[in-house]
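S.K.: Below you will find the structure I want to go over with you.
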Amino acid sequence: MPTAWGVVQHRCFAVGSSPGTEEDSLGEELTAMRDGMELPPTGVAGDSSAFPTSEDKPATRFPTPAGALVCLKTGYSAGQALAVLRIKHHTRPNNYIRLTEFHDLCLAARPYIAKDAGVIRTALCEFRRINEFILNREGAEVAIEGMLRAMRPWKDPTGEEKVNAALFVAEVFLDEKSSLYYASSISNIDKLLAILLEAVNEAGIARKDPPEEDVEEEADESTKKKKKRGSKYAEMELGDKVFHITTDVIALLIQRGSHPNLQMKKRAARKYKKLIKVIDGPKATTIHTASEILIKIDGPDAAQEYIIQPCVTNKWPKFFPDEKTLQMIESSRKEEATLAATSAPLDNNAVSPVDTETDSTDVDDKKEKELSQEKAEVTP
C-alpha cells in the first residue's frame with residue numbers, strides 16, 4: 001500500500017505543480033508529512049538548475065503511482081482482485097497488468113478455499129492471452145504457493161484430498177495456456193513432487209490395469225469425441241491420474257531442458273524466447289522423487305521405463321539419475337521378488353517338480369516300448 005505522501009506527490013505531479021510550492025491547495029497539514037524528507041531542487045520552467053545533476057541526486061526516489069488494487073479494502077479476496085484487474089484492462093487496453101498486482105492477487109488466496117486456486121489459474125491463462133502478461137520466476141513461485149494454500153483441505157485431511165491438491169497444481173503446470181511452464185524453477189517442481197509423494201504414501205494408492213477389451217473401446221470413443229479443457233485426466237482413476245501426470249511433468253521438463261527453440265522457425269523461436277524465463281531440465285532430485293512415486297504406484301519397472309529411460313536416452317542434453325535412485329530401483333525389485341516367492345499360494349492339487357520329472361520319464365519309457373513292439377512286428 002502506498003503512503004499518504006506518495007499519493008499526494010502523485011496528485012501534485014498530475015496537476016503540474018511541484019509538491020513544495022506555496023500554491024499547493026492541499027492545506028498546511030501536509031507540511032508535517034514533508035518534514036525530514038529530501039526533495040529534488042525546484043526552479044523556474046526553462047532553468048537548467050531545476051534538474052538534478054549526478055552530484056546532487058535525491059537520496060530517496062519518489063514512489064510509483066498506486067496500483068489498481070488500492071481501491072479495495074484490506075482483506076480482499078482473490079476473486080475481487082481479479083475483477084478489479086479485469087476492469088483495469090477493459091477500460092483501456094494499454095493498461096498492462098503489473099507483476100506486483102499479480103503478486104497481490106496470489107497472496108490474497110485464502111487457505112482452505114479451493115475457489116481461490118481456480119481464480120489464480122484463470123488469471124494466469126487470461127492475462128497472458130489478452131494482456132500480454134509475461135510471468136517471471138518470483139511470480140510463478142507465488143502462484144504455486146497460493147494455489148497449494150487454497151487447495152489445502154480443511155481439518156484432518158485424508159491422503160486422497162492431499163493428492164488431489166498436488167495434482168491440481170501439477171495440471172496447471174502442464175497446461176500450455178498458463179505460464180508456469182516458462183517460469184517455474186526446478187526447486188518449485190521438487191517441492192510439488194515431494195508433497196505428492198507424501199500424499200501417495202499416506203493414501204496408499206496403487207495403479208489398476210484395466211482389461212484389454214475396455215482399453216480398445218475407450219480408445220475408439222476417445223477418437224470420436226472432442227476432448228474439452230482439463231478432460232484429459234478427469235475421467236481417470238486416482239492411481240492412473242498420478243501416474244500420467246508424473247510422467248508428463250518429467251517429459252515436459254526434458255522438453256524444456258532440451259532447448260526446443262533451436263528446432264523452431266524464426267517467429268515461433270522469437271516468441272518462445274520472449275516467454276521463457278527458466279531453461280532448466282530435471283535434476284537428479286527431481287528424477288529420484290518422480291521414480292519413487294512410480295515405484296509406490298506401479299512398481300520399479302514402470303519407473304525404469306517412464307522416468308529413467310527418457311532422461312538417459314534424450315538426444316541432447318542427457319539427464320542422468322543419481323546412484324541412490326538406481327539402488328532404490330534394484331532394492332525394490334529384490335523386495336518384489338521375495339514377496340512374490342513367499343506369498344505364492346500352495347495348492348493341494350499342485351504338482352511338484354519331482355513328480356513332473358518322474359511322469360515324463362514314465363511317458364518316455366512307454367513310448368520306447370511301443371516303438372520296440374512295432375519294430376518286432378514288422379521284422380520277420
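The values are calculated or read from the model by the stated rules, or taken from the named source; none is laboratory data. This is a predicted model, so every value here is computed, not measured. Glycine also receives a Cβ, built like all others from the backbone with ideal geometry; neighbour counts cover every protein chain displayed. Surface areas here come from the heavy atoms of the whole protein model, side chains and all, with no ligands, DNA or RNA. Shrake-Rupley method; radii C 1.70, N 1.55, O 1.52, S 1.80 Å.
S.K.: Take residue 98 and residue 251, extend 7 Å from each Cα along the Cα→Cβ direction, and tell me the distance between the two endpoints in nm.
M.R.: Result for the modelled spin labels: 4.1 nm.
S.K.: Rounded to the nearest 0.05, what FRET efficiency do residue 343 and residue 301 have when you use their Cβ-Cβ distance and R0 = 22 Å? Don't skip to the end; give the middle numbers.
M.R.: Details: r = 18 Å, r/R0 = 0.84.
E between residue 343 and residue 301, to the nearest 0.05, is 0.75.
S.K.: Using packing as a proxy for protection, rank 324-331, 280-287 so that the peptide with the highest average count of other Cβ atoms within 10 Å comes first.
M.R.: Final packing ranking: 280-287, 324-331.
S.K.: Then there's this: Once the other residues with Cβ under 10 Å from the Cβ of residue 162 are scored (Lys, Arg +1; Asp, Glu -1), what is the net sum?
M.R.: Around residue 162, the surrounding residues sum to -3.
S.K.: Sticking with this one: Just the Cα atoms of region 123-164: what Rg and Dmax do they give in Å?
M.R.: Computed over the Cα atoms of region 123-164, radius of gyration and Dmax are 14.0, 41 Å.
S.K.: Around residue 248, what is the net charge, scoring Lys/Arg as +1 and Asp/Glu as -1 over all other residues with Cβ under 10 Å from its Cβ? Spell out each step's value before the answer.
M.R.: On the way: positive: 232; negative: 171.
Neighbour charge sum, excluding residue 248 itself: 0.
S.K.: Is there a pair in 296/334; 177/296; 115/162; 115/177; 155/232 whose C-alpha atoms are over 26 Å apart, and which pairs would that be? Write down the numbers at each step before the final one.
M.R.: Details: 296/334 15 Å; 177/296 31 Å; 115/162 16 Å; 115/177 19 Å; 155/232 30 Å.
Among 296/334; 177/296; 115/162; 115/177; 155/232, the Cα-Cα distance tops 26 Å for 177/296; 155/232.
S.K.: Using just the C-alpha positions of region 260-323 as equal point scatterers, what log10 of I(q)/I(0) does the Debye formula give at each q in 0.30 1/Å?
M.R.: Relative scattering, expressed as log10 I(q)/I(0), comes to -1.21.
S.K.: Taking only the alpha carbons of region 91-192, what extent do you get along each of the three principal axes, in Å, biggest first?
M.R.: Projected onto the principal axes, the Cα atoms of region 91-192 cover 47, 27, 19 Å.
S.K.: With Cβ to Cβ distances under 11 Å as the rule, what net charge do the other residues near residue 174 carry (K, R +1; D, E -1)?
M.R.: -2
S.K.: For residue 76 and residue 115 in the same chain, what is the full-extension length gain: residue separation times 0.36 nm, less their Cα-Cα distance, in nm?
M.R.: 12.6 nm
S.K.: Please report the accessible area of residue 90 (heavy atoms, 1.4 Å probe, ligands and nucleic acids excluded) in Å², nearest 10.
M.R.: Accessible surface of residue 90 is approximately 130 Å².
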